[in-house]
Amino acid sequence: RPLQGMLLISQQPLYVLTRESIQSDALSICNAQNIFSDIFQGAAIVNRETILMNPPDFVVYSYSTEKERELNERFILQTLGLSLSKEQLIGIDSDTWSRPTLRFLQALPRLCERIDALRKYWNASSFFNNHAWDSTFNADS
């Protein structure tokens, strides 16, 4: 099955991108699926219970500053209650992720690489214990 991802926009309210977003299309290009692809609009407010009933294999979030990146990761790992490791969090620069521009397209191969790595090593937990990952990237990397 394709890996299932969640595209987090904000924490309060808990806002996610859904089926009708270019970011969800990006997941499809990477052979992954948005866990909220059954919602026919661009974005939606969801509750924690909905996420816990259909937990994602990874979460994509955006950030503008290092502090915002850290806060998003802490929220996803601690507050949401998902059984995810830091390696299953994919942080993308807000300017790149939120605007359908050339930078967005240039970032797609890196996003797909990250998802492919998760897919390839999904059952190999020793991989995550033995390799240092950069959990963030931007279009310029």
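P(r) of segment 53-94 in 5 Å steps, Cα pairs, percent per bin?
Calculated P(r), rounded to whole percents: 5, 25, 34, 23, 10, 3, 0.
To the nearest 10 square angstrom, what accessible area does S28 show with a 1.4 Å probe?
Solvent-accessible area, nearest 10 Å²: 80 Å².
In Å², and per residue, what accessible area does the chain have when probed at 1.4 Å with the other protein chains present?
53 Å²
If you roll a 1.4 angstrom probe over the protein chains with everything in place, what fraction of the accessible area of the chain belongs to carbon and sulfur, to the nearest %?
On the chain, the fraction of accessible area on carbon and sulfur atoms equals 49 percent.
Once Rh for the chain is found with the Kirkwood sum over Cα pairs, what is the Stokes-Einstein diffusion coefficient at 37 °C and 0.692 mPa s, in µm²/s?
Answer, rounded: 217 µm²/s.
Is it possible to state the helix-based mean residue ellipticity at 222 nm for the chain, with each DSSP H run of 4+ residues giving -39500 (n - 2.57), the sum divided by total residues, to the nearest 500 deg cm²/dmol? What is it?
-10500 deg cm²/dmol
Report the per residue volume, in Å³, of the convex hull enclosing the C-alpha atoms of segment 1-63.
Spread over its residues, the Cα hull of segment 1-63 gives 79 Å³ apiece.
The values are calculated or read from the model by the stated rules, or taken from the named source; none is laboratory data. Note that the structure is a prediction, hence the values are computed from the model and not measured. With ligands, DNA and RNA removed, areas are computed over all heavy atoms of the protein, side chains included. Shrake-Rupley method; radii C 1.70, N 1.55, O 1.52, S 1.80 Å.
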